[in-house]
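The values are calculated or read from the model by the stated rules, or taken from the named source; none is laboratory data. Remember, it's a predicted structure, so these values are computed and weren't measured experimentally. FYI the Cβ positions are ideal-geometry reconstructions off the backbone, even for glycines, and counts take in every protein chain you see. Calculation scope for accessible area: heavy atoms of the full protein, side chains included, ligands and nucleic acids excluded. Shrake-Rupley method; radii C 1.70, N 1.55, O 1.52, S 1.80 Å.
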Amino acid sequence: MSAAWLVPLMFVVAGAMAFAPGTSWGSFGILLPIAGSIMNTLAEPDLLLPALGAVLAGAMLGDHISPISDTTILSATGSACSVITHVVTQLPYALLSAVGALLGYVAFALTGSTGSVSSSRSPRPPPCS
């Protein structure tokens, strides 16, 4: 199993972790160093940015759909509706985005493509002085 499969897993774990307490920033603080350490320990520097991106996206998803999130409560209060009504109306949009992101991370894991450019290009000329 390739280390690239950890990226979609990090997205799902970050989403679940942010959903439970309703905080994306708390999840960032906990999971970003862990994700970075995992990729550095596995000696996969090309996977560092996708892993950190998956953590950020997952934590935002979890925060957005959590009924106890401060932003969810403030949005419901500002729009003069109940918190549960606000969560139910936002859930289809959030889940559609989550499925799209998860499919992107799975495609990344299947291809392992980080978008790095091969070094077969000719080198740049030296800058003018």
Report summary line: Rounded to one decimal in nm, the spacing of the 7 Å Cα→Cβ label points at residue 42 and residue 73 is 3.7 nm
Requested in this report: For the range 1-53, restrict the atom set to alpha-carbon positions and state the Rg and Dmax in Å.
Outcome: 11.0, 32
Query raised in the report: Which sequence of 10, 17, 60 reflects their accessible areas, 1.4 Å probe, from the largest down?
Result: 60, 17, 10
Query raised in the report: Hey, if we sort 72, 85, 41 by accessible area with the 1.4 Å probe, largest down, what's the order?
Result: 41, 85, 72
Report summary line: With a 1.4 angstrom probe the carbon and sulfur portion of accessible area for the chain, in percent, totals 71 percent
Query raised in the report: Using θ = phi - 60° and the Karplus curve 6.51 cos²θ - 1.76 cosθ + 1.60, what whole-Hz ³J(HN,Hα) does each residue of the range 36-41 get, with Gly and Pro shown as x?
Result: x, 5, 4, 5, 5, 5
Query raised in the report: Which value, in Å² rounded to 10, gives the accessible area of residue 34 with a 1.4 Å probe and all protein chains present?
Result: 80 Å²
Query raised in the report: In the calculated pair distance distribution of the range 28-92, what percentage of Cα-Cα distances lie above 15 Å?
Result: 58 percent
Report task. Could you pull the accessible area for residue 24 with a 1.4 Å probe, rounded to 10 Å²? Result -> 10 Å²
Query raised in the report: For the chain, what is the calculated [θ] at 222 nm in deg cm²/dmol (nearest 500), taking -39500 (n - 2.57) for each run of four or more DSSP H residues and dividing by its residue count?
Result: -23000 deg cm²/dmol
**Report entry** Candidate values [x] 42, 35, 23; [y] 61, 42, 25; [z] 31, 29, 29, label of the one derived for Cα extents along the principal axes in Å
**Finding:** [y]
